[in-house]
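Q: Mind looking over this structure? Questions follow.
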Amino acid sequence: LDLSTPSAPKVLGELKIPGFSTYLHRIDQNHLLSIGFDADDHGDFAYFNGLLLQLFDVSKPTEPKLLHREKIGTRGSGSEAATDHLAFNFLAKEGLLAIPTAICEGGGNGRAANQLTFAGLLVYDVSLENGFRRLGGINHGKTGSRCDRWWSQSTSSVKRSLFLDDQVWSITMDQAKVQKLATLGLE
């Protein structure tokens, strides 16, 4: 968008891809990292279907490009970071991303998922060259996470995270867990 004249914004370029972003995070002058939801396109409507991480190149405003995408789970999967930017934790210099996640499987094409497979904090290595590489996660169990949420009510048991030296902290409303980055697992 060209916002040089606020009363008359202009679209400079667009990128048509399935799904939508709920939060865009600037990595540098030319790149954006987003979290949102994938979609099953049916022409005049679409069903949201799983969390979606994406990297965009916006160096040419008239020609934005999708560089990488990472789909997480199916319909019903959610993240506190999808609706609360304070839950999105990205360290650009280190290329580390932590996002609270509830992963649901078994859904799609308008059908809600029926199996919660993970609820906790996922940690990714993020690079413009290689995209997203899941390093692991900190599991908080399935308490407080559900698969029957609409995308606008997306939530997860983990509310915040913190990188501290070689540690990753994941924080819920009543619990904090910590793991070393080098030994990060899914438990």
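The values are calculated or read from the model by the stated rules, or taken from the named source; none is laboratory data. All values reported here derive from a predicted model rather than from experimental measurement. Here the Cβ positions follow ideal geometry from the backbone for every residue, glycine too, while neighbour counts run over all protein chains shown. We work out accessible area using only protein heavy atoms, side chains counted, and drop any ligands, DNA or RNA first. Shrake-Rupley method; radii C 1.70, N 1.55, O 1.52, S 1.80 Å.
Q: Take the residues in region 40-79 that are among the charged types (D, E, K, R) and modelled with pLDDT under 90, then tell me which one is surrounded by the most Cβ atoms within 10 Å (Cβ to Cβ).
A: Residues of region 40-79 among the charged types (D, E, K, R): 40-41, 44, 57, 60, 63, 65, 69-71, 75.
Next, only the ones that are modelled with pLDDT under 90 stay: 40-41, 44, 75.
On the way: Asp40: 18, Asp41: 14, Asp44: 5, Arg75: 26.
Among those residues, the one meeting the criterion is Arg75.
Q: Would you pick out the residues in region 114-142 that are farther than 22 Å from Gly76 by Cα and either modelled with pLDDT under 95 or not β-branched (Val, Ile, Thr) (or both)?
A: Asp125, Ser127, Leu128, Glu129, Asn130, Gly131, Arg133, Leu135 - these are the residues of region 114-142 that are farther than 22 Å from Gly76 by Cα and either modelled with pLDDT under 95 or not β-branched (Val, Ile, Thr) (or both).
Q: Separate question: In region 26-48, what residues are in a strand (DSSP E or B) and either within 20 Å of Ala92 (Cβ to Cβ) or under 13 Å from the mean Cα position of the chain (by Cα) (or both)? Full working, then the answer.
A: Looking only at region 26-48, we keep the residues that are in a strand (DSSP E or B), and these are 26-28, 31-41, 46-48.
Matches in region 26-48: Arg26, Ile27, Asp28, His31, Leu32, Leu33, Ser34, Ile35, Gly36, Phe37, Asp38.
Q: Hey, another quick one. Return only the number of the condition from (1) closer than 30 Å to Asp165 by Cα; (2) crowded, with 21+ Cβ neighbours inside 10 Å that His85 does not satisfy.
A: (2)
Q: Continuing with the same structure: Looking only at region 53-90, count how many residues are more than 27 Å from Met173 (Cα to Cα), outside any loop (DSSP other than H, G, I, E, B) and of a type outside the set (A, V, I, L, M, F, W, C).
A: 6
Q: Another one. Mind counting the residues in region 91-146 that are open to solvent by 30 Å² or more (accessible area, probe 1.4 Å) and in a strand (DSSP E or B)?
A: Total meeting the criteria: 10.
Q: Could you please give the count of residues in region 61-79 that are touching a helix residue (DSSP H, G or I) at 6+ places or on another chain (Cβ under 9 Å) and among the polar types (S, T, N, Q)?
A: Within region 61-79, residues that are touching a helix residue (DSSP H, G or I) at 6+ places or on another chain (Cβ under 9 Å) and among the polar types (S, T, N, Q) number 1.
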